[in-house]
Structures are given as C-alpha cells and as structure tokens.
1. Enumerate the pairs (first residue in segment 232-257 and under 15 Å from Asp208 (Cα atoms) and surrounded by 14 or more Cβ atoms within 10 Å (Cβ to Cβ); second residue anywhere and among the basic types (Lys, Arg) and modelled with pLDDT under 95) with beta-carbon separation below 6 Å, excluding pairs fewer than 6 apart on the same chain, so at least 6 apart or on different chains.
2. In segment 59-66, is there at least one residue being of a type in the set (Asp, Glu), part of a loop (DSSP other than H, G, I, E, B) and either open to solvent by 10 Å² or more (accessible area, probe 1.4 Å) or over 21 Å from Ser188 (Cβ atoms) (or both)?
3. Of all residues in segment 34-43, which are within 17 Å of Glu84 (Cβ to Cβ) and open to solvent by less than 80 Å² (accessible area, probe 1.4 Å)?
4. From the list Ser191, Ser175, Ser187, exactly one residue is without any contact (Cβ under 8 Å) to a residue 40 or more places away in the chain, farther than 20 Å from Val230 by Cβ and among the hydroxyl-bearing types (Ser, Thr, Tyr). Which is it?
5. What are the residues in segment 120-136 that are in a loop (DSSP other than H, G, I, E, B) and open to solvent by less than 30 Å² (accessible area, probe 1.4 Å), if any?
6. Applying the selection to segment 93-111, what residues are in contact with a Lys or Arg (Cβ under 8 Å, 6 or more places away or on another chain) and open to solvent by 50 Å² or more (accessible area, probe 1.4 Å)?
Amino acid sequence: PSYSIAKSFTSALIGIDRDEGKIGSVEDRVVNYLPELKEMEYATMLNIEHLLNHTSGIRFKLTQDAQIYYGRNLLKALPQIEFEHPPGTHQAYVNMNVQLLGLILERATGQKPSAYLQEKIWEPLGMESDAYWSVDEKNGIEKTYCCLSATARDYAKFARLYLNKGKWNGQQIISEKWIEKSLERNSSNGSSEGYNYCWHIGLKEYGDFMAVGLYKQYVYVLPAKNVIIVILNESEKKLKRERVNWPYVCRQVGDLL
C-alpha cells in the first residue's frame with residue numbers, strides 16, 4: 001500500500017484529463033462537476049487547482065478522515081465538509097481535497113479512476129504487476145487520496161515518467177507543460193514553494209522532488225543525476241525509522257554518484 005503516494009497518481013490523471021480536454025481548466029469550479037456542494041459556504045469559489053495544492057480552505061476533521069478511510073459509504077463524508085478559510089488563502093494538507101479530485105475525475109471522464117489509470121498510465125508504461133486501489137464497500141469509489149498498492153519497480157516507472165517530462169519511450173503520456181506546472185515552486189494563492197499539485201518539491205540546490213506517503217514512504221527523483229529511489233519502509237522499529245530524514249539520505253546517495 002502506498003498511502004499518500006497515491007495523491008501524485010491522482011494529480012497525474014487530472015493532468016491527462018486536462019490535456020484531453022475533458023476538464024476545461026484547473027480554474028474550473030468544483031461545483032461544475034460536483035453540484036451537490038454548491039450550497040456550502042465558499043464552495044462556489046473552489047476550483048480544481050485549490051484541491052491540487054491543498055489550498056481549498058476545507059477544514060480538517062478527524063471524523064471525516066475516518067469516514068473516507070474506514071467507512072462503508074465514502075459519500076457520507078461530503079455533507080460533513082466545512083470551510084475554515086476562503087479558497088486560495090491558506091495551504092493545509094487535507095485528504096478530502098484529493099478525494100474530491102477523484103470524484104471530479106470520474107464525473108469528467110465517465111470512467112472509474114482505476115480504469116482511467118489502467119488505460120492512461122499502467123498499460124502505456126508497461127507496468128510489470130497488477131495494482132490495486134482500495135474502494136468503499138457501498139459504491140466501489142476509489143480512495144484517491146491514498147490506498148493504491150503497487151510494486152516498487154512500478155512506482156519507479158511512474159517516477160521515470162515525471163523525470164522524462166511526461167514522455168515514455170518516445171510517447172508523450174502527460175504533456176510537458178503539465179509536468180513543469182506540477183513541479184514548479186509557487187507560493188501564490190495561499191500555496192507554498194514546498195508542495196505543488198500533490199508533489200513535494202525538494203531543495204533548490206538539488207532540484208529534486210518526490211511523492212510521499214505515510215510511514216516514510218518515498219518515490220524520490222533527482223533529475224540532475226538521473227536518479228530515482230523508491231522507499232517503502234516497513235519495520236518493527238517504528239521510532240527509529242521515523243527519526244531518519246530519508247530525503248537527505250537520498251541526496252547523499254546522489255552526491256556519491
């Protein structure tokens with residue numbers, strides 16, 4: 001299981017959908033795709049880019065997180081959405097942001113995110129193993145903020161797609177413009193230079209970036225050295241593992257090459 005590494009996959013699918021024109025723009029209002037939210041405060045101000053950058057202003061609620069992770073019916077969490085800030089003013093990492101992206105993706109494409117992933121990324125990249133995306137029991141809705149399970153080698157192939165600016169063996173899978181937009185440093189509209197479009201942006205002097213998941217999972221990319229490192233931590237010594245600064249370990253590896 002990848003935990004929040006899945007967020008970067010969801011972002012990639014939104015980019016492909018945008019390239020194909022099913023989503024008009026990242027500035028499209030969320031209520032155009034999810035009209036059931038339109039009566040909520042600030043909902044009509046909310047756009048897709050706010051969700052990508054976690055600048056939606058949606059309040060983190062532990063009960064809501066529990067509902068979308070453990071609950072049988074993920075849609076029951078939607079009426080619980082509350083806004084703490086107007087969209088585009090504050091950045092706060094909230095799983096609901098990327099769950100909404102998954103619902104938008106399905107409404108725009110008419111396909112389940114898992115089917116869209118299969119068609120647009122898994123098959124074109126020639127992934128070596130089947131992947132699994134956890135769904136809720138009642139509706140079969142993918143938990144697009146987490147819960148994509150794949151092998152280390154296939155995570156590395158996904159990283160290579162971004163390392164090569166969206167191109168795979170001569171085929172442009174994701175537009176170079178989307179890749180560049182995803183990995184830029186942008187502190188406008190409440191965002192920060194360290195996180196953009198569901199990717200963690202590294203140090204300026206290294207130009208690195210990474211997808212990050214719970215329990216110190218990393219898909220790390222160092223373009224200057226053409227390096228990809230996948231870390232899927234799992235050990236009994238949890239405290240010791242949490243104390244390791246894995247991005248710096250990855251950079252030290254790069255320094256030696």
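The values are calculated or read from the model by the stated rules, or taken from the named source; none is laboratory data. Source: prediction; values computed, not measured. Cβ sites come from the backbone with ideal geometry, for glycine too, and all protein chains shown count toward neighbours. Calculation scope for accessible area: heavy atoms of the full protein, side chains included, ligands and nucleic acids excluded. Shrake-Rupley method; radii C 1.70, N 1.55, O 1.52, S 1.80 Å.
1. Matching pairs, first to second residue: Trp246/Lys216.
2. The initial filter retains those residues of segment 59-66 that are of a type in the set (Asp, Glu), namely 65.
So of that shortlist, the ones also part of a loop (DSSP other than H, G, I, E, B) come out as none.
Within segment 59-66, not a single residue is of a type in the set (Asp, Glu), part of a loop (DSSP other than H, G, I, E, B) and either open to solvent by 10 Å² or more (accessible area, probe 1.4 Å) or over 21 Å from Ser188 (Cβ atoms) (or both).
3. If we filter segment 34-43 for residues that are within 17 Å of Glu84 (Cβ to Cβ), which is where we start, we get 37, 40-43.
Once the filter is applied, which keeps residues that are within 17 Å of Glu84 (Cβ to Cβ) and open to solvent by less than 80 Å² (accessible area, probe 1.4 Å), segment 34-43 yields Leu37, Met40, Tyr42, Ala43.
4. Working: Ser191 fails: without any contact (Cβ under 8 Å) to a residue 40 or more places away in the chain; Ser175 fails: without any contact (Cβ under 8 Å) to a residue 40 or more places away in the chain.
Every option except Ser187 fails the conditions.
5. If we filter segment 120-136 for residues that are in a loop (DSSP other than H, G, I, E, B), which is where we start, we get 123-131, 134, 136.
Scanning segment 120-136 gives Leu125, Met127, Asp136.
6. Scanning segment 93-111 gives a single hit, Glu106.
Table: residues versus (1) touching an Asp or Glu at 6+ places or on another chain (Cβ under 6 Å); (2) crowded, with 21+ Cβ neighbours inside 10 Å.
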position	(1), (2)
Pro113	yes, yes
Gln118	no, no
Lys138	no, no
Tyr145	no, yes
Gly170	no, no
Ser192	no, no
